[in-house]
Structure formats: C-alpha cells, structure tokens
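To start, the structure itself, in structure tokens.
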Amino acid sequence: MNTHPTPVLISRYAAGGAGVDDATVWAVEAHLESCAACRALLADAVGPATRDLLDLVGDGIAAGIAAGPGPTRRRRLRPTGVTARILPWLATAVGLILAALAFEQTVRSLPSLVLLVAPVAPLLPVAAAWSRRTDPAWELMATVPRRGLWLLLRRTLAVLAAVGPVLAVAGWLTGHSPALWLLPCLAFAAGSLALGGLVGVDRAAIGLATGWSVAVVLPSLAGRRLPAVLEGGSWPGWALLTVALTALVLVRAADHRRLGAGRI
Ligand SMILES: [Zn+2]
C-alpha cells in the first residue's frame, strides 16, 4: 500500500479490523510502520482509553529496560546424560588396556596385546558418547551440522584425552614406540567418525572394533605374531590414514546432518 489508507479504514483498523479482510489489515500495518502521519491518525482513532493503556504498557517496558535483567539462576551442569553414559565405557576401555598390559607382562609368548587393543579400546566410549537413539544432541547435529560436528569432535577428543594417558603408560611399560599405539588409535577414532556419517557413529565404532578384533587380533593371537600393520615401519601408513580420515570427516560433515534428520 503506497498510498495512505483512508481515515475511515484507519478507524476501522483501530476498532479491531471488523469487516476488513486480512490482506488489507496487513497492508495497513505495513504502511503504519513507515508512515508517522498515519500513526498519528491511528493514535487519534484508538481513543483516550486505549492510548492510556498503551502509555502504561510503554512506561512499564521502559522501566523494565532501565532496571536491567533480573538475577538469573545459574544453570547447573548436569552430570547425567552423556557423561553418565560414557563413564562405564571409559572404565571398560581402561580396564581392557590394563588387562592387556598385565597379560603382556606375564605371558611373553604372545604378540603385544597392548598394541592389539590400542586402536579399538577408545571406540567403546566413543560409541557411547554418540548414541543416536538416546542423545538429544542429535537434534543439534540434524539442524546445525557445523555446531554438531564440533560437538562430535569435542566428545571424541575428550574420550581420547581420557584413554590416551592410560595407553601411554601401558606403551611405556611395554617399551613400544608411541607411533605404534597412538597413530592406529587416532586412525580408528577418525575412521569411526568418517564411517559414522553413513551408518551412525555408534554403529561405526562398534563395527570397526569388531572388524579389527576378528580380522587382526584373533589371527595374531592364533599365529602368535604381531601383524605387519603393527610392525615398526607401518607408522607412516597410519599417519596418512589418520590425516585422510580426519579430512574426510571435516569435508563430509553434512552426512551426519542427513543421518540425524533421517533416523530416530
Ligand atoms: Zn500514511
């Protein structure tokens, strides 16, 4: 509405818009926002009682703004939810590493159990950290993939930060090169996030852990020798794999969005 509404229309609008169709009401409102002259007409049309009420509301709002926001109660961080769900799995992962360490120290005829479990031990808490079915954070992942990806990376790093020192101690006590337990561990974590974009992080982590156990751990124990992928010269391959998978996770952040939106 480029022209001014008629005084009759403005007074009908002021009276509640009875008998005026919606499109006209919206046009009048849009015009009033930009036309001081018609707002003055409207102020006359609404009558003194309504004007007094509006003034009262206006004064109340102004006083509220001047006083500033009231004291807000600090929200307590809830230790429930994700943390409560991860803790038992963190304990399981640590227990697994310590058991591998104890076994390796006592049974010398077997290949290094510490190296064999290092890649997959952190995957249990990673799976628990991102269980789609119980986690409201999936909503975040579904709607804001960038924020969701950050949350995913942060939780995964938190798990690695908790499990890493235990692995470091186990690696140090057994005399293995850090590259041989740390890099496979990082590669598998990145792999479960990358694959998680397709099937969900929890399923990806559990699938990779199972696959590694069946394809590498069991044959190594049966054959009583460390697989080639965990021998000294293998670390550049693990490093490359870690970098490639991490890049894939960052590039394919939208996969998680599609997954989050498509599944319950
Ligand atoms: Zn006007």
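The values are calculated or read from the model by the stated rules, or taken from the named source; none is laboratory data. These numbers come from a predicted model, not from an experiment. FYI the Cβ positions are ideal-geometry reconstructions off the backbone, even for glycines, and counts take in every protein chain you see.
A few remarks follow.
- For region 233-243, a residue qualifies if it is surrounded by 14 or more Cβ atoms within 10 Å (Cβ to Cβ) and hydrophobic (A, V, I, L, M, F, W, C), and the qualifying residues are Trp235, Trp238, Ala239, Leu241.
- Boolean, Thr210 is crowded, with 19+ Cβ neighbours inside 10 Å and free of Cβ contacts under 8 Å to residues at least 40 places away in the same chain: no
- When Thr80, Thr3, Thr72 are checked against the criterion of being at pLDDT 80 or above, surrounded by fewer than 13 Cβ atoms within 10 Å (Cβ to Cβ) and either touching a Cys at 6+ places or on another chain (Cβ under 7 Å) or assigned to a loop (DSSP other than H, G, I, E, B) (or both), Thr3 stands alone in meeting it.
- Cβ-Cβ distances below 6 Å connect the following pairs, each with a first residue in region 19-34 that is in the same structural domain as Ala45 (by TED's automatic domain parsing) and under 11 Å from His4 (Cβ atoms), a second residue that is in a helix (DSSP H, G or I) and of a type outside the set (S, T, N, Q), and a separation of six or more residues or different chains: Val28/Tyr13; Leu32/Cys38; Leu32/Arg39.
- Complete set of residues in region 220-232 that are surrounded by fewer than 12 Cβ atoms within 10 Å (Cβ to Cβ) and either part of a helix (DSSP H, G or I) or in contact with a helix residue (DSSP H, G or I) (Cβ under 8 Å, 6 or more places away or on another chain) (or both): Ala222, Gly223, Ala228, Gly232
- Among residues of region 115-140 that are closer than 26 Å to Trp172 by Cβ, those with a beta-carbon under 7 Å from a residue that is modelled with pLDDT of 60 or more and outside any helix (DSSP H, G or I) at least six positions away or on a different chain give the pairs Leu115/His176; Leu115/Leu226.
- Selection status of Leu56, of a type in the set (A, V, I, L, M, F, W, C), in a helix (DSSP H, G or I) and within 11 Å of the ligand (Cβ to nearest atom): no
- Test: residue in region 22-39 that is exposed (fewer than 11 other Cβ atoms within 10 Å of the Cβ) and either on the phi > 0 side of the Ramachandran plot or modelled with pLDDT under 80 (or both): yes
- Residue in region 166-178 that is in contact with a Cys (Cβ under 9 Å, 6 or more places away or on another chain) and part of a helix (DSSP H, G or I) present: yes
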